[in-house]
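The values are calculated or read from the model by the stated rules, or taken from the named source; none is laboratory data. Please read these numbers as outputs of a predicted model, since none were measured by experiment. Please note: Cβ atoms are built from the backbone with ideal geometry, for glycine as well, and neighbour counts cover all protein chains shown.
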Amino acid sequence: MTAQSNHRSVVTRRVLLATAPALAVSVGCRSDADPRAGGGRAPGAGGSAAASVADRQEGVDRPERPQTHVVVSVYDFLDRAGAGRTLEVLGGAVLEATAGGGAGRADGLTVTVGLGPGPVAALDRRLPGAAGLPAFAREERTARAWGGDLLVQVCAEGAAAAARADERLARLLAAEGRASLRWSQAGFRPAGAGPVRNPLGFQDGIEIPRGRAELDREVWLPGPGRAAGGTLAVVRRLRIDVPGFLAEPERRQEEVIGRRKADGAPLGGGEPLGRLDLSAKTPRGRYLVPAMAHARRANPNATGSGKMLRRGYGYDNGPDDRGLLFIAFQRELRTFTATQRRLDEGDDLMAFVTATASGSFLVLPGFDADRPLGATLRAGGAWPSW
Ligand code: HEM
(Lines give C-alpha, C1' and ligand atoms only; values in the text may rest on other atoms or scores of the structure.)
Protein backbone atom coordinates (compact mmCIF):
# COMPACT_ATOMS: atom_id res chain seq x y z
CA MET A 1 0.00 0.00 0.00
CA THR A 2 1.41 3.39 -0.87
CA ALA A 3 1.93 6.14 1.66
CA GLN A 4 -0.78 8.16 -0.04
CA SER A 5 -3.48 5.54 0.13
CA ASN A 6 -2.29 4.52 3.55
CA HIS A 7 -2.62 7.90 5.12
CA ARG A 8 -6.03 8.34 3.58
CA SER A 9 -7.40 5.03 4.79
CA VAL A 10 -6.06 5.49 8.30
CA VAL A 11 -8.15 8.52 8.83
CA THR A 12 -11.19 7.69 6.77
CA ARG A 13 -14.40 8.18 8.67
CA ARG A 14 -12.62 9.24 11.81
CA VAL A 15 -12.79 12.83 10.85
CA LEU A 16 -15.82 14.99 10.72
CA LEU A 17 -15.76 18.42 9.27
CA ALA A 18 -18.21 21.13 10.07
CA THR A 19 -19.64 22.15 6.73
CA ALA A 20 -19.90 25.81 7.67
CA PRO A 21 -16.71 26.45 9.58
CA ALA A 22 -16.70 29.39 11.93
CA LEU A 23 -14.12 32.01 11.14
CA ALA A 24 -11.55 32.78 13.75
CA VAL A 25 -9.72 36.06 13.72
CA SER A 26 -6.22 34.75 14.00
CA VAL A 27 -4.43 31.51 14.54
CA GLY A 28 -1.42 30.37 16.44
CA CYS A 29 0.96 27.58 15.72
CA ARG A 30 3.76 26.54 17.93
CA SER A 31 6.15 25.11 15.42
CA ASP A 32 5.77 27.74 12.76
CA ALA A 33 6.13 30.61 15.16
CA ASP A 34 9.62 31.61 14.11
CA PRO A 35 10.69 34.58 16.16
CA ARG A 36 12.83 35.67 13.20
CA ALA A 37 9.74 35.93 11.03
CA GLY A 38 8.00 38.38 13.27
CA GLY A 39 4.54 38.10 14.67
CA GLY A 40 5.24 34.65 16.05
CA ARG A 41 6.13 33.13 19.36
CA ALA A 42 9.27 31.31 20.28
CA PRO A 43 9.16 27.63 19.30
CA GLY A 44 7.81 25.59 22.12
CA ALA A 45 6.06 28.49 23.75
CA GLY A 46 2.58 27.56 24.81
CA GLY A 47 -0.11 29.81 26.16
CA SER A 48 -2.69 31.87 24.44
CA ALA A 49 -0.68 34.28 22.32
CA ALA A 50 -1.63 33.78 18.70
CA ALA A 51 0.42 34.40 15.58
CA SER A 52 -1.74 36.18 13.07
CA VAL A 53 -1.91 34.91 9.52
CA ALA A 54 -3.47 38.18 8.42
CA ASP A 55 -0.30 39.23 6.57
CA ARG A 56 1.39 35.97 5.63
CA GLN A 57 0.38 32.36 5.71
CA GLU A 58 2.08 29.91 8.00
CA GLY A 59 4.10 26.89 6.94
CA VAL A 60 6.56 28.88 4.79
CA ASP A 61 9.00 30.62 7.11
CA ARG A 62 11.15 27.81 8.25
CA PRO A 63 10.94 27.66 12.00
CA GLU A 64 13.78 26.54 14.25
CA ARG A 65 12.24 23.08 14.17
CA PRO A 66 10.10 22.50 11.10
CA GLN A 67 7.29 20.10 11.91
CA THR A 68 8.23 16.46 11.44
CA HIS A 69 5.43 15.61 8.98
CA VAL A 70 3.85 17.03 5.88
CA VAL A 71 1.07 16.12 3.48
CA VAL A 72 0.97 17.91 0.17
CA SER A 73 -2.25 17.62 -1.83
CA VAL A 74 -2.90 19.16 -5.22
CA TYR A 75 -6.40 19.71 -6.60
CA ASP A 76 -8.20 21.09 -9.63
CA PHE A 77 -11.20 23.33 -9.17
CA LEU A 78 -14.28 21.65 -10.61
CA ASP A 79 -16.40 24.74 -10.17
CA ARG A 80 -14.08 27.27 -11.73
CA ALA A 81 -16.44 30.21 -11.56
CA GLY A 82 -16.91 29.44 -7.87
CA ALA A 83 -13.16 29.26 -7.12
CA GLY A 84 -13.37 32.42 -5.01
CA ARG A 85 -16.07 30.95 -2.82
CA THR A 86 -14.19 27.65 -2.52
CA LEU A 87 -11.13 29.53 -1.27
CA GLU A 88 -13.24 31.37 1.28
CA VAL A 89 -14.67 28.12 2.60
CA LEU A 90 -11.22 26.52 2.63
CA GLY A 91 -9.72 29.52 4.42
CA GLY A 92 -12.45 29.36 7.05
CA ALA A 93 -11.70 25.69 7.66
CA VAL A 94 -7.97 26.45 7.92
CA LEU A 95 -8.57 29.15 10.50
CA GLU A 96 -10.77 26.80 12.46
CA ALA A 97 -8.37 23.85 12.27
CA THR A 98 -5.39 25.91 13.40
CA ALA A 99 -7.16 28.13 15.92
CA GLY A 100 -5.69 28.28 19.40
CA GLY A 101 -6.45 25.77 22.07
CA GLY A 102 -7.46 22.57 20.40
CA ALA A 103 -5.54 19.55 19.24
CA GLY A 104 -4.45 21.47 16.16
CA ARG A 105 -2.28 23.78 18.24
CA ALA A 106 -0.79 20.94 20.23
CA ASP A 107 0.13 19.18 16.98
CA GLY A 108 1.86 22.26 15.64
CA LEU A 109 -0.52 22.24 12.70
CA THR A 110 -0.05 24.68 9.86
CA VAL A 111 -1.88 24.78 6.54
CA THR A 112 -0.52 26.64 3.54
CA VAL A 113 -2.64 27.25 0.45
CA GLY A 114 -1.40 28.15 -3.03
CA LEU A 115 -2.92 28.65 -6.47
CA GLY A 116 -1.63 27.12 -9.69
CA PRO A 117 -0.82 29.08 -12.86
CA GLY A 118 -4.27 28.47 -14.42
CA PRO A 119 -6.42 30.36 -11.92
CA VAL A 120 -3.71 32.98 -11.31
CA ALA A 121 -3.28 33.82 -15.00
CA ALA A 122 -7.06 33.94 -15.43
CA LEU A 123 -7.10 36.87 -13.01
CA ASP A 124 -4.10 38.66 -14.48
CA ARG A 125 -1.25 37.31 -16.57
CA ARG A 126 1.15 39.75 -14.91
CA LEU A 127 0.63 38.34 -11.44
CA PRO A 128 3.49 36.36 -9.87
CA GLY A 129 2.75 32.67 -10.33
CA ALA A 130 0.85 33.16 -13.59
CA ALA A 131 3.55 31.31 -15.51
CA GLY A 132 4.19 27.64 -14.76
CA LEU A 133 7.36 25.61 -14.84
CA PRO A 134 9.09 24.69 -18.11
CA ALA A 135 10.15 21.12 -18.86
CA PHE A 136 13.31 19.85 -17.22
CA ALA A 137 15.48 16.79 -17.64
CA ARG A 138 14.67 13.45 -15.96
CA GLU A 139 10.96 13.94 -15.56
CA GLU A 140 8.44 11.11 -15.56
CA ARG A 141 5.32 13.07 -16.30
CA THR A 142 1.79 11.90 -15.73
CA ALA A 143 -1.12 14.20 -16.46
CA ARG A 144 -2.41 13.65 -12.96
CA ALA A 145 0.73 14.58 -11.05
CA TRP A 146 1.80 17.57 -13.15
CA GLY A 147 0.50 21.09 -12.57
CA GLY A 148 -2.80 21.66 -10.82
CA ASP A 149 -4.96 24.55 -9.59
CA LEU A 150 -4.71 24.35 -5.85
CA LEU A 151 -1.98 23.39 -3.38
CA VAL A 152 -2.79 22.46 0.20
CA GLN A 153 0.30 21.84 2.31
CA VAL A 154 -0.34 20.56 5.81
CA CYS A 155 2.52 20.37 8.32
CA ALA A 156 2.23 18.89 11.80
CA GLU A 157 4.09 17.08 14.54
CA GLY A 158 3.15 13.50 13.74
CA ALA A 159 1.92 11.57 10.72
CA ALA A 160 -1.58 11.06 12.08
CA ALA A 161 -2.11 14.75 12.82
CA ALA A 162 -0.98 15.78 9.34
CA ALA A 163 -3.06 13.07 7.68
CA ARG A 164 -6.14 13.94 9.71
CA ALA A 165 -5.99 17.61 8.80
CA ASP A 166 -5.34 16.82 5.14
CA GLU A 167 -8.27 14.43 5.07
CA ARG A 168 -10.60 17.01 6.56
CA LEU A 169 -9.70 19.57 3.96
CA ALA A 170 -9.91 16.96 1.19
CA ARG A 171 -13.48 16.19 2.21
CA LEU A 172 -14.38 19.82 2.31
CA LEU A 173 -12.98 20.34 -1.18
CA ALA A 174 -14.69 17.23 -2.54
CA ALA A 175 -18.04 18.33 -1.12
CA GLU A 176 -20.47 19.98 -3.49
CA GLY A 177 -18.18 19.31 -6.44
CA ARG A 178 -15.77 22.05 -5.45
CA ALA A 179 -12.48 20.43 -6.43
CA SER A 180 -11.00 17.07 -7.38
CA LEU A 181 -7.78 15.63 -6.04
CA ARG A 182 -4.88 15.24 -8.47
CA TRP A 183 -2.18 13.80 -6.25
CA SER A 184 -1.19 13.69 -2.63
CA GLN A 185 2.02 12.77 -0.88
CA ALA A 186 2.96 12.36 2.75
CA GLY A 187 6.50 13.17 3.90
CA PHE A 188 8.59 13.13 7.05
CA ARG A 189 11.82 14.49 8.46
CA PRO A 190 13.73 13.68 11.62
CA ALA A 191 12.84 15.78 14.63
CA GLY A 192 15.34 18.42 15.55
CA ALA A 193 16.50 21.95 15.10
CA GLY A 194 18.56 23.14 12.14
CA PRO A 195 19.59 20.93 9.23
CA VAL A 196 18.52 17.28 9.51
CA ARG A 197 19.55 14.19 7.58
CA ASN A 198 17.76 13.52 4.32
CA PRO A 199 17.03 10.06 2.84
CA LEU A 200 20.64 9.82 1.66
CA GLY A 201 21.95 10.40 5.17
CA PHE A 202 23.34 13.88 4.41
CA GLN A 203 22.42 16.97 6.35
CA ASP A 204 19.99 19.04 4.34
CA GLY A 205 18.82 22.61 4.69
CA ILE A 206 22.17 24.20 5.49
CA GLU A 207 22.28 27.00 2.93
CA ILE A 208 18.89 28.68 3.10
CA PRO A 209 17.81 32.27 3.63
CA ARG A 210 17.64 33.01 7.33
CA GLY A 211 16.51 35.90 9.42
CA ARG A 212 13.78 38.35 8.75
CA ALA A 213 15.65 40.68 6.38
CA GLU A 214 16.88 37.86 4.15
CA LEU A 215 13.48 36.17 4.07
CA ASP A 216 11.88 39.48 3.14
CA ARG A 217 14.38 39.94 0.35
CA GLU A 218 14.43 36.40 -1.06
CA VAL A 219 11.12 34.77 -0.21
CA TRP A 220 8.16 37.05 0.43
CA LEU A 221 6.50 39.04 -2.33
CA PRO A 222 6.78 42.73 -1.57
CA GLY A 223 3.97 45.25 -1.60
CA PRO A 224 2.16 47.05 -2.92
CA GLY A 225 0.17 44.67 -5.07
CA ARG A 226 -2.45 42.00 -4.92
CA ALA A 227 0.05 39.23 -4.20
CA ALA A 228 2.00 41.10 -1.49
CA GLY A 229 2.69 38.82 1.46
CA GLY A 230 2.54 35.74 -0.74
CA THR A 231 5.40 33.71 -2.17
CA LEU A 232 6.01 31.20 -4.95
CA ALA A 233 6.11 27.54 -4.03
CA VAL A 234 7.69 24.82 -6.15
CA VAL A 235 6.71 21.31 -5.12
CA ARG A 236 8.33 18.28 -6.74
CA ARG A 237 8.33 14.65 -5.79
CA LEU A 238 11.88 13.53 -6.55
CA ARG A 239 12.39 9.78 -6.62
CA ILE A 240 15.95 8.92 -5.68
CA ASP A 241 17.87 5.78 -6.55
CA VAL A 242 18.80 5.44 -2.89
CA PRO A 243 20.44 1.98 -3.17
CA GLY A 244 22.47 3.16 -6.17
CA PHE A 245 23.69 6.23 -4.30
CA LEU A 246 24.47 4.34 -1.09
CA ALA A 247 26.39 1.70 -3.07
CA GLU A 248 29.00 4.36 -3.88
CA PRO A 249 31.93 4.60 -1.46
CA GLU A 250 31.29 7.29 1.15
CA ARG A 251 34.09 9.43 -0.27
CA ARG A 252 32.35 9.44 -3.65
CA GLN A 253 28.98 10.22 -2.05
CA GLU A 254 30.60 13.26 -0.45
CA GLU A 255 32.01 14.37 -3.80
CA VAL A 256 28.53 14.11 -5.31
CA ILE A 257 27.03 16.31 -2.59
CA GLY A 258 30.01 18.59 -1.91
CA ARG A 259 29.91 18.17 1.86
CA ARG A 260 31.08 15.63 4.42
CA LYS A 261 28.55 13.03 5.42
CA ALA A 262 29.51 12.92 9.09
CA ASP A 263 29.04 16.57 9.96
CA GLY A 264 28.04 18.54 6.85
CA ALA A 265 31.37 20.34 6.65
CA PRO A 266 32.28 21.70 3.19
CA LEU A 267 34.71 19.52 1.25
CA GLY A 268 36.94 22.51 0.80
CA GLY A 269 37.48 22.55 4.54
CA GLY A 270 35.76 24.50 7.28
CA GLU A 271 33.39 24.08 10.15
CA PRO A 272 30.55 21.54 10.26
CA LEU A 273 27.60 23.05 8.36
CA GLY A 274 29.88 25.92 7.31
CA ARG A 275 29.83 27.95 4.12
CA LEU A 276 31.34 26.43 0.97
CA ASP A 277 34.54 27.96 -0.33
CA LEU A 278 33.92 27.40 -4.02
CA SER A 279 37.26 28.84 -5.08
CA ALA A 280 39.41 26.53 -2.88
CA LYS A 281 41.73 24.33 -5.00
CA THR A 282 44.29 21.61 -4.47
CA PRO A 283 47.92 22.51 -5.13
CA ARG A 284 47.43 20.85 -8.53
CA GLY A 285 44.57 23.19 -9.38
CA ARG A 286 41.53 20.95 -8.86
CA TYR A 287 38.49 22.29 -7.02
CA LEU A 288 38.15 20.89 -3.50
CA VAL A 289 34.37 21.06 -3.91
CA PRO A 290 34.23 19.13 -7.20
CA ALA A 291 32.99 20.91 -10.31
CA MET A 292 29.86 18.73 -10.54
CA ALA A 293 29.09 18.52 -6.81
CA HIS A 294 25.44 19.30 -6.09
CA ALA A 295 26.10 22.03 -3.52
CA ARG A 296 28.41 23.82 -5.99
CA ARG A 297 26.03 23.53 -8.94
CA ALA A 298 23.04 24.64 -6.85
CA ASN A 299 24.88 27.58 -5.33
CA PRO A 300 23.11 30.79 -6.33
CA ASN A 301 26.36 32.63 -7.10
CA ALA A 302 26.85 30.43 -10.14
CA THR A 303 23.90 32.01 -11.99
CA GLY A 304 23.09 35.07 -9.98
CA SER A 305 19.70 33.61 -9.16
CA GLY A 306 18.21 34.40 -5.77
CA LYS A 307 18.11 32.09 -2.78
CA MET A 308 15.33 29.59 -2.25
CA LEU A 309 13.92 28.52 1.08
CA ARG A 310 14.06 24.74 0.85
CA ARG A 311 11.74 22.96 3.19
CA GLY A 312 11.95 19.41 1.93
CA TYR A 313 10.71 16.18 3.46
CA GLY A 314 11.64 12.57 2.78
CA TYR A 315 8.96 10.26 1.43
CA ASP A 316 8.64 6.50 1.22
CA ASN A 317 6.09 4.81 -1.01
CA GLY A 318 7.84 1.42 -0.86
CA PRO A 319 11.23 0.10 -2.00
CA ASP A 320 10.86 1.33 -5.58
CA ASP A 321 9.65 4.82 -4.81
CA ARG A 322 11.58 6.71 -2.17
CA GLY A 323 13.09 10.11 -2.18
CA LEU A 324 12.63 13.77 -1.45
CA LEU A 325 9.40 15.72 -1.44
CA PHE A 326 11.12 18.89 -2.55
CA ILE A 327 9.38 22.07 -1.41
CA ALA A 328 10.97 25.45 -2.04
CA PHE A 329 9.68 28.99 -1.55
CA GLN A 330 11.09 31.96 -3.42
CA ARG A 331 10.06 35.39 -4.56
CA GLU A 332 10.72 34.71 -8.23
CA LEU A 333 10.11 31.49 -10.13
CA ARG A 334 13.37 32.15 -11.93
CA THR A 335 15.25 31.30 -8.75
CA PHE A 336 14.04 27.73 -9.08
CA THR A 337 14.12 27.45 -12.87
CA ALA A 338 17.66 28.86 -13.21
CA THR A 339 18.88 26.51 -10.50
CA GLN A 340 17.18 23.45 -11.95
CA ARG A 341 18.52 24.27 -15.42
CA ARG A 342 21.99 24.47 -14.01
CA LEU A 343 21.52 21.10 -12.32
CA ASP A 344 20.25 19.67 -15.61
CA GLU A 345 23.37 20.91 -17.38
CA GLY A 346 25.60 19.09 -14.94
CA ASP A 347 25.23 17.84 -11.38
CA ASP A 348 26.40 14.43 -10.25
CA LEU A 349 23.45 14.05 -7.83
CA MET A 350 20.81 14.44 -10.54
CA ALA A 351 21.93 11.16 -12.14
CA PHE A 352 20.18 9.48 -9.19
CA VAL A 353 17.02 11.63 -9.30
CA THR A 354 13.75 11.50 -11.30
CA ALA A 355 10.85 13.92 -10.85
CA THR A 356 7.48 12.11 -10.70
CA ALA A 357 5.21 14.97 -9.62
CA SER A 358 5.59 18.70 -10.01
CA GLY A 359 3.83 22.02 -9.71
CA SER A 360 4.34 25.69 -9.01
CA PHE A 361 1.90 27.73 -6.95
CA LEU A 362 1.35 31.26 -5.77
CA VAL A 363 1.06 30.96 -2.00
CA LEU A 364 -1.75 33.38 -1.27
CA PRO A 365 -1.29 36.42 0.95
CA GLY A 366 -2.39 36.14 4.56
CA PHE A 367 -6.07 36.19 5.47
CA ASP A 368 -8.45 36.48 8.36
CA ALA A 369 -12.16 36.69 9.07
CA ASP A 370 -12.45 40.15 7.53
CA ARG A 371 -10.27 39.42 4.53
CA PRO A 372 -10.97 35.82 3.43
CA LEU A 373 -8.40 33.62 1.75
CA GLY A 374 -7.85 34.78 -1.83
CA ALA A 375 -9.79 38.03 -1.40
CA THR A 376 -6.82 40.32 -2.02
CA LEU A 377 -6.01 38.54 -5.26
CA ARG A 378 -9.35 38.73 -7.00
CA ALA A 379 -11.10 41.97 -7.45
CA GLY A 380 -14.47 40.34 -6.63
CA GLY A 381 -17.21 38.71 -8.65
CA ALA A 382 -16.88 35.37 -10.41
CA TRP A 383 -13.45 33.98 -11.18
CA PRO A 384 -12.68 34.44 -14.90
CA SER A 385 -12.48 31.11 -16.70
CA TRP A 386 -9.20 29.43 -17.66
C1 HEM B 1 16.70 14.42 -4.46
C2 HEM B 1 17.18 15.57 -4.70
C3 HEM B 1 18.03 16.42 -3.80
C4 HEM B 1 18.77 16.10 -2.69
C5 HEM B 1 18.90 14.75 -2.00
C6 HEM B 1 19.44 17.32 -2.26
C7 HEM B 1 20.32 17.42 -1.20
C8 HEM B 1 21.05 18.53 -0.89
C9 HEM B 1 22.10 18.59 0.11
C10 HEM B 1 22.53 17.43 1.01
C11 HEM B 1 22.61 19.85 0.11
C12 HEM B 1 23.76 20.39 0.97
C13 HEM B 1 23.30 20.94 2.26
C14 HEM B 1 22.48 22.20 2.20
O15 HEM B 1 22.99 23.30 1.88
O16 HEM B 1 21.29 22.10 2.48
C17 HEM B 1 21.87 20.60 -0.89
C18 HEM B 1 22.06 21.92 -1.18
C19 HEM B 1 21.28 22.65 -2.04
N20 HEM B 1 20.32 22.16 -2.88
FE21 HEM B 1 19.74 20.25 -3.03
N22 HEM B 1 19.07 18.33 -3.11
C23 HEM B 1 18.22 17.82 -4.05
C24 HEM B 1 17.61 18.50 -5.07
C25 HEM B 1 17.68 19.86 -5.26
C26 HEM B 1 16.95 20.60 -6.25
C27 HEM B 1 15.99 20.00 -7.26
C28 HEM B 1 17.28 21.91 -6.08
C29 HEM B 1 16.78 23.12 -6.85
C30 HEM B 1 16.47 23.11 -8.13
C31 HEM B 1 18.22 22.00 -4.98
C32 HEM B 1 18.78 23.15 -4.50
C33 HEM B 1 19.76 23.21 -3.55
C34 HEM B 1 20.39 24.45 -3.13
C35 HEM B 1 20.04 25.85 -3.61
C36 HEM B 1 21.36 24.10 -2.19
C37 HEM B 1 22.31 25.04 -1.45
C38 HEM B 1 23.57 25.21 -2.25
C39 HEM B 1 24.55 26.17 -1.59
O40 HEM B 1 24.42 27.37 -1.81
O41 HEM B 1 25.43 25.72 -0.85
N42 HEM B 1 18.44 20.74 -4.52
N43 HEM B 1 20.94 19.76 -1.49
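Please determine whether any residue of the range 316-325 is closer than 30 Å to GLY129 by Cβ and either assigned to a loop (DSSP other than H, G, I, E, B) or out of contact with any strand residue (DSSP E or B) (no Cβ under 9 Å at 6 or more places or on another chain) (or both).
yes
Among the numbered criteria (1) closer than 28 Å to ARG65 by Cα; (2) in contact with a Lys or Arg (Cβ under 9 Å, 6 or more places away or on another chain); (3) crowded, with 20+ Cβ neighbours inside 10 Å, which single criterion is violated by ASP347?
Tallying (1) closer than 28 Å to ARG65 by Cα; (2) in contact with a Lys or Arg (Cβ under 9 Å, 6 or more places away or on another chain); (3) crowded, with 20+ Cβ neighbours inside 10 Å, ASP347 fails exactly one: (1).
What helices (runs of 4 or more DSSP H) lie completely within the range 65-150 and have 3 or more residues being buried (at least 23 other Cβ atoms within 10 Å of the Cβ) and modelled with pLDDT of 95 or more?
83-98, 117-123
Would you pick out the residues in the range 343-358 that are closer than 28 Å to LEU221 by Cβ, in a helix (DSSP H, G or I) and more than 8 Å from the ligand (Cβ to nearest atom)?
ASP344
Looking only at the range 303-317, decide whether some residue is buried (at least 18 other Cβ atoms within 10 Å of the Cβ), touching a residue at least 12 places away in the same chain (Cβ under 8 Å) and away from the ligand (no atom under 13 Å from the Cβ).
Yes, some residue in the range 303-317 is buried (at least 18 other Cβ atoms within 10 Å of the Cβ), touching a residue at least 12 places away in the same chain (Cβ under 8 Å) and away from the ligand (no atom under 13 Å from the Cβ).
Only one of these is surrounded by fewer than 20 Cβ atoms within 10 Å (Cβ to Cβ), among the aliphatic types (A, V, I, L, M) and either in contact with a Lys or Arg (Cβ under 8 Å, 6 or more places away or on another chain) or touching a residue at least 60 places away in the same chain (Cβ under 8 Å) (or both): ALA193, ALA162. Name it.
ALA193
With (1) part of a loop (DSSP other than H, G, I, E, B); (2) buried (at least 18 other Cβ atoms within 10 Å of the Cβ); (3) within 13 Å of the ligand (Cβ to nearest atom) as the list, and GLU254 as the residue in question, which single condition is left unmet?
The failed condition is (1).
Looking at (1) away from the ligand (no atom under 16 Å from the Cβ); (2) in contact with a helix residue (DSSP H, G or I) (Cβ under 9 Å, 6 or more places away or on another chain); (3) closer than 24 Å to ASP321 by Cβ, which is the one condition that is false for LEU169?
(3)
Output the residues belonging to the range 323-337 that are near the ligand (Cβ under 9 Å from one of its atoms) and more than 18 Å from GLN57 (Cβ to Cβ).
Hits for the range 323-337 are GLY323, LEU324, PHE326, THR335, PHE336, THR337.
Keeping to the range 177-217, report how many residues are more than 14 Å from the ligand (Cβ to nearest atom), modelled with pLDDT of 90 or more and not in a strand (DSSP E or B).
9
Looking only at the range 268-302, filter to residues that are among the hydroxyl-bearing types (Ser, Thr, Tyr) and surrounded by fewer than 18 Cβ atoms within 10 Å (Cβ to Cβ); which one of those is nearest to the ligand (Cβ to nearest atom)?
By that ranking, first place goes to SER279.
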